[in-house]
1. Going by accessible area, probe 1.4 Å, with all protein chains left in place, what is the ranking of Asp173, Asp135, largest first?
2. Would you mind estimating how fast segment 53-128 diffuses translationally, via Stokes-Einstein at 4 °C and 1.567 mPa s with the Kirkwood radius over Cα pairs, in µm²/s?
3. Could you tell me what percent of the accessible area of segment 77-225 is made up of carbon and sulfur, with a 1.4 Å probe and every protein chain present?
4. Give me the distance in nm between label points sitting 7 Å out from Cα along the Cα-to-Cβ direction at Ser218 and Gln137, one decimal.
5. Note down the net charge around Met216, summing +1 for each Lys or Arg and -1 for each Asp or Glu among other residues with Cβ under 14 Å from its Cβ.
6. Leaving ligands, DNA and RNA out of it, work out the accessible area of Asp96 with a 1.4 Å probe and give it in Å² to the nearest 10.
7. If the cut-off is 23 Å between C-alpha atoms, which lysines fall inside it for Lys105, apart from same-chain ones fewer than 8 positions away?
8. When all alpha-carbon pairs of segment 147-225 are counted, what percent fall beyond 15 Å?
Amino acid sequence: MSRITLLVAGLCAAVLLVGALVAIAAGTGQRGTDRSESTGTGTRVSFYGDSYTLGTGASDPAKRWSTVISKARNWNEFNPSVNGLGFVNNRSSAIDEPGEVIASKPEIVFITMGLNDNFSYDVAADRIKAQITTDFQRLKAALPDARFIVVEPFWYTDARPASLAVISGWVKDAAAAIHADYIPGASHWIEHHPEWMASDGLHPNDTGYAQMAKRMESELHSLGL
């Protein structure tokens, strides 16, 4: 085997290793301890999300974007988000976040999923697409009177895998199918700002979450919320 061939093989192996490490570091299905913290006495709002909605990387759960916008509106926040969760990634019989959202009987539902599925896209693309449709239809059927707000999957690096646009497209199509509001562009909200990232390099810090809350506030204002 030539030196060039060995070099290419080594680089490919390194890329795969980095991807695997990122997927592991993004979360292992762990929950936060503040999942049912009440932030207000008004409208019941539930969040179906991953670590970026759980607030991993923030110094306190009160600084995550979901809690910031909930407190500003006196919403009663229910946030069962799970580290590393995707439509397919880290799904198990022990984790049924859509079921928890349904059981909370919300008037508004945020869906902020899809980031972690990029790590298994090469081997599970068909499953991811099918599960997006299944989750959206299940939530809508169980909560026909709720208002759904679907957010383009968040992303954490300036480099963007081709799978991100594909998964985002599936999420957007599924949102349209249940007549949900859709917030585009969220995968770009923290790009080009390494100073907004926590020390793990994977999640926003307090400043990053503040910026996400600011962008979300603007989008919600345009939706009349």
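1. Asp173, Asp135
2. Values: Rh = 13.8 Å.
Answer, rounded: 94 µm²/s.
3. Numbers: 3300 of 6400 Å².
Carbon and sulfur: 52 percent of the exposed surface of segment 77-225.
4. 3.6 nm
5. Here the count lands on +1.
6. Taking all protein chains as shown, Asp96 has close to 60 Å².
7. Those lysines meeting the cut-off are Lys71, Lys140.
8. Details: 1815 of 3081 pairs.
Percent of Cα pairs beyond 15 Å in segment 147-225: 59.
The values are calculated or read from the model by the stated rules, or taken from the named source; none is laboratory data. Just so we're clear, the structure is a prediction, and the values are computed from it rather than from any experiment. Glycine also receives a Cβ, built like all others from the backbone with ideal geometry; neighbour counts cover every protein chain displayed. Protein only, heavy atoms only, side chains kept; ligands, DNA and RNA dropped before computing areas. Shrake-Rupley method; radii C 1.70, N 1.55, O 1.52, S 1.80 Å.
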